[in-house]
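Structure first, then comments.
Just so you know, all these numbers are worked out from the coordinates, no wet-lab data involved. Computed from a predicted structure; not experimentally measured. No Cβ is skipped: glycine too gets one built from the backbone with ideal geometry, and neighbour counts run over all protein chains shown.
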Amino acid sequence: MPGAESRIRVKRIDGVIQVEFVDRNILDEGNIQSIGDEVAALIDADPSPRLLISFANVEHLSSAALGTLITINNKIRAKSGQLRLTNIDPQIYEVFTITRLNKLFQIHPTVADAMRTFA
Amino acid sequence: MNHAAGHRVRDVLSVSNDPAVIERAEERVLSSLSQFHYPKASLFAVRLCLHEALSNSFRHGHRGLPENTPVRLSFDATAGQVEIHVEDQGPGFDPAEVPDPTLEENLERGSGRGLLLIRAYMAEAEYNAKGNSLRMVYKRPAGA
């Protein structure tokens with residue numbers, strides 16, 4: 001489980017790991033590395049991870065954060081798991097659109113919408 | 001150096017690879033735009049591009065250089081646009097050699113999206129011939 005310095009908040013609901021970010025700005029590379037490590041540990045600990053990442057509190061996000069999301073996606077796929085992204089601010093969603101990563105990730109408007117799509 | 005002469009705000013900053021210093025530099029540019037009441041979407045775009053430019057300089061441009069090597073940041077903001085220069089002290093690179101991250105075969109690559117985002121949001125974005133200095137111009141959207 002994440003420790004006192006955690007950059008994420010984690011809940012487990014109906015077998016789904018729900019992750020939310022502590023920071024409003026996911027820009028600093030050190031923090032992004034920490035987030036990647038923490039989420040990787042959650043994935044490693046689950047034989048078939050079902051992971052939901054909420055961007056509810058996020059106002060800024062860098063391309064380094066996108067790179068970490070891709071790494072997370074690859075880790076989950078390697079374990080035949082599932083990843084959903086939710087609550088993405090329209091400005092940040094535009095970043096996903098520009099980079100075409102909206103085609104790579106399954107993105108849903110709300111947590112409830114995303115939860116319904118887990119197999 | 002800091003000039004706030006009537007209808008423009010200009011400044012030159014030396015930015016080191018420290019998250020707090022980078023954040024202060026970004027805030028300096030954004031606060032100048034706030035003086036001209038740029039909309040929230042503009043602040044988002046400029047901050048993202050500035051962060052990507054500085055990040056590229058430190059991560060790629062300064063690879064192999066001492067950790068404390070600074071990047072020179074200058075900007076010139078008016079009510080209609082902001083021109084930003086980010087110059088590192090590295091050997092430079094050829095932007096044409098950066099793979100297009102939106103191509104199907106590159107979609108899962110972990111990096112290479114910073115320059116794409118800069119080009120998407122900025123009206124102008126060009127490197128000097130050496131490839132160590134980026135000039136970018138953000139233009140305020142019409143009516144905003």
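Antiparallel beta bridges, as assigned by DSSP with both residues in region A:8-115, represent about 30 percent of the total such bridges. Extents of the protein assembly as shown, taken as max minus min of Cα coordinates on every principal axis and listed largest first, are 60, 43, 39 Å. Would any residue of region B:105-144 have its amide N under 12 Å from a label point 7 Å out along Cα→Cβ of B:HIS37? List them or say none. The answer is B:144. Starting from the Cα of A:LYS103, move 7 Å in the Cα-to-Cβ direction to define the label point; list residues of region A:83-97 whose amide nitrogen is under 14 Å from there. In region A:83-97, the label zone of A:LYS103 (backbone N under 14 Å from the point 7 Å along Cα→Cβ) covers A:96-97. Quotient of the Cα radius of gyration of region A:1-51 and 2.2 N^0.38 Å, N being its number of residues: 1.13. All distinct Cα pairs of chain A go into the 1/r average, and the inverse of that average, the Kirkwood radius, is 14.2 Å. Of the DSSP H helices in chain A, those that are both long (alpha-carbon extent of 20 Å or more along the helix axis) and hydrophobic (Kyte-Doolittle mean at least -0.5) are A:29-44, A:63-78.
May I ask for the Kirkwood hydrodynamic radius of chain B, worked out over all distinct Cα pairs and given in angstroms to one decimal? It is 15.7 Å. May I ask which of A:LYS103/B:LYS130; A:LYS103/B:LYS139; A:LYS11/A:LYS75 have a Cα-Cα span longer than 24 Å here? Checking Cα-Cα distances, A:LYS103/B:LYS130; A:LYS103/B:LYS139 exceed 24 Å. A simple count of charges around B:GLN81, restricted to other residues whose Cβ falls under 12 Å of its Cβ and scoring Lys, Arg +1 and Asp, Glu -1, yields 0. DSSP finds beta bridges in the protein assembly as shown, and of those with both partners inside it, around 70 percent are antiparallel.
For region A:42-119, averaging the sequence separation of C-alpha pairs within contact (under 8 Å, six or more residues apart) and dividing by the residue count gives a relative contact order of 37 percent. A full extension of the chain between A:THR117 and A:GLU59 corresponds to an added length of 18.3 nm, given 0.36 nm per residue minus the alpha carbon distance.
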